1. Quick check: is even one residue across segment 490-502 in a helix (DSSP H, G or I), at pLDDT below 90 and touching a Gly at 6+ places or on another chain (Cβ under 9 Å)?
2. Got at least one residue in segment 528-537 being within 27 Å of the chain's Cα centre (by Cα) and closer than 19 Å to residue 315 by Cβ?
3. In segment 158-249, which helices (runs of 4 or more DSSP H) lie fully inside it and hold 2 or more residues that are within 24 Å of residue 533 (Cα to Cα), under 24 Å from the mean Cα position of the chain (by Cα) and at pLDDT 95 or above?
4. Could you tell me whether segment 547-566 includes any residue that is part of a helix (DSSP H, G or I), within 19 Å of residue 300 (Cα to Cα) and in contact with a Ser or Thr (Cβ under 6 Å, 6 or more places away or on another chain)?
5. State whether one or more residues within segment 75-95 are open to solvent by less than 70 Å² (accessible area, probe 1.4 Å), modelled with pLDDT under 95 and assigned to a loop (DSSP other than H, G, I, E, B).
6. Is there a residue being open to solvent by less than 10 Å² (accessible area, probe 1.4 Å), of a type in the set (S, T, N, Q) and within 18 Å of the chain's Cα centre (by Cα) anywhere in segment 406-429?
7. For the structure I just gave you, tell me whether residue 359 is open to solvent by less than 30 Å² (accessible area, probe 1.4 Å), out of contact with any Ser or Thr (no Cβ under 9 Å at 6 or more places or on another chain) and within 24 Å of residue 451 (Cβ to Cβ).
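The values are calculated or read from the model by the stated rules, or taken from the named source; none is laboratory data. What you see is a predicted model, and the numbers here were worked out from it, not measured in a lab. Here Cβ is always computed from backbone atoms with ideal geometry, including for glycine, and neighbour counts include all displayed protein chains. The area values use the complete protein model at the heavy-atom level, side chains included, leaving out ligands, DNA and RNA. Shrake-Rupley method; radii C 1.70, N 1.55, O 1.52, S 1.80 Å.
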Amino acid sequence: MKQPMLHRVLALLLALALAAVCLAGCAQQGGFGKDENARFTAFLDTLPPLLVDDTDSALNQLFADKQAAGFGEALYEWGTYSLDDFLEFQETWDAQYETLTGFDRSQLSQQNKDTYDILEASLREGVNEPSDEAYFYLSNNPLGEYEGVLSDIPITLYFFNIYTKEDLDSYLHLMETLPDYAAEILRFEQERQDNGYGMTARELAAVREMCEENIEGDVQFLQDTLEEKLAAADFLTDAAREEAAAKGEALLDAGYRQFFRDLRDGIDGITVRQREDAALNNLPEGEAYYASLIESYTGFTDLDEYEDYLLTLTEETVTEVQALMMQRPELFDEYYDDELTLYDSTDPEEILAYLHDAMQADFPATREVEYSMKVLPEAMQALLPGTAAFYMIGMLDKPDAPQSMMLCSEYTQEDFTTIAHEGFPGHMYQHIYFNEVEHPLILDLLGQTGYTEGYANYIERVAVNYADDPEAARFAQLMDRYTVLLILQFDYLMACEDVSIAEVRQLLCAQFGYDDPDSEDTWALLGDIIYRPGAFLPYYIAGGRFAGLRAEAEETLGDAFDLKAFHESLLRHGPAPVGLTLDFIRRDLGLALPDAPDTSINTQRPAA
């Protein structure tokens, strides 16, 4: 099991990238195999503390009482980056794999067999993997513009729960130690540079600009939300509230802004050894790393098979676009002029409620839970580039607590399917449903980005049928899918083929209509690809595979196909490796399994 050492909260909190709760779980013990089931359940209970450290601030979002969940009391920390610690972590989980495979699977209940299979596929050595060292440096990029700490830190602090005095102490400790964390990040980036994996000068310049935005921008939203939480903290006296609020306000500058000042100034001191035209195809073991991402996020273990699927999916998307344009030629101009109307209401909360009701005929019922849609403060929106919306994972030990989805900008028509992706019947519904299925805690913590985001991308396809104008919604969804599939083709090209950045810039101009291969627009699009390798794989490829299996089931089963049963199977078994999830669904629906068993492995970072 490969896991970058940074304890990144974002992967756990955002259901974009991010994190998820698993369905398969422990069965009621009974019948033959009681002893083996009991031993297996006891083994599962030992795993969570091995995966998530007591100091990992992700626990603050997962548990109101982490000690009751088996974790120790400790102040939360930002974490460090150590290759030695990573290798030790690998050895620990190699040992757990040996223990796992020592169980007699045939003696387990069906639910425990499914749990066994998910763990075995998640811990097994992958078909495509780089060395541990290459994986460590390639998968850890804390200064990454889109998925690094620049976005993580304001999100972690803004959504930090303060239910106890220990929570408050941890929040203030995190604020106080931000300058120390900046020093650790800068040290690690120099280490990455020295080993051939560092950022380019262009990337670091963009990071420096984002630091300036945090230094000069309005971050009062952090203090405002802190004071709201302090007001609700009944364990504090009035004097203690005032003291904590004053300390938090002082740390906005001495902690938060100082972190970004130190990063900004420290970037200038980094010895940049990375060539400016660096992409995965000329980084050490870059192609093997990309192959491991494909395997983890999509279930494909053969690069040729994946490439064929990507090209076929692109061709099918073009065919669908052309067919819609034949029916309604005006859709093309309306799409590019931002004149499509997918749904009459422009109130995000009203749309979320509408989707909640519209999905009921197609998805399994769940308990009713209070939910809301919130728009992030405008000042915070500016600090989250490229993030349209996200769902805040609900606490595992408070299943009836209100659920929240966050929109990162004012509503636009294309946000209709975004709200479906993050809300109903997407991630919010996923979480509510998963919490009703008995399962061991370790499956909540492993995470499977391919399954989780693949499901939500599949939901975008479903949601177009709930729009006021389904054809317009489908056209917008297809055009977005086509653009991303083209980006994925360039993504693959720059990871697995012998092509230069200069050649790719020329190809981008030809494909997207840019005039100058050296323009800022061309470089910006190129940056979306080379600085985020594999970012779209779990969305559009895994989502496409789920949609493809549904189409296969509809054709094979005919009138016997039950859409709600398909969705129940898709929900009940995930999160799991994508290939294994497809096999589970085939088994449940009585479809033929593939000739060869799935060999996919989760080589991604676990959610926590």
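1. Checked segment 490-502: no residue is in a helix (DSSP H, G or I), at pLDDT below 90 and touching a Gly at 6+ places or on another chain (Cβ under 9 Å).
2. yes
3. Answer list for segment 158-249: 178-194.
4. no
5. Within segment 75-95 (the criterion being open to solvent by less than 70 Å² (accessible area, probe 1.4 Å), modelled with pLDDT under 95 and assigned to a loop (DSSP other than H, G, I, E, B)), the answer is yes, since at least one residue qualifies.
6. no
7. yes
Residue-by-condition table, conditions (1) touching a residue at least 12 places away in the same chain (Cβ under 8 Å); (2) surrounded by fewer than 24 Cβ atoms within 10 Å (Cβ to Cβ):
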{"site": "378", "(1), (2)": "no, yes"}
{"site": "388", "(1), (2)": "yes, yes"}
{"site": "393", "(1), (2)": "yes, no"}
{"site": "441", "(1), (2)": "yes, yes"}
{"site": "450", "(1), (2)": "yes, no"}
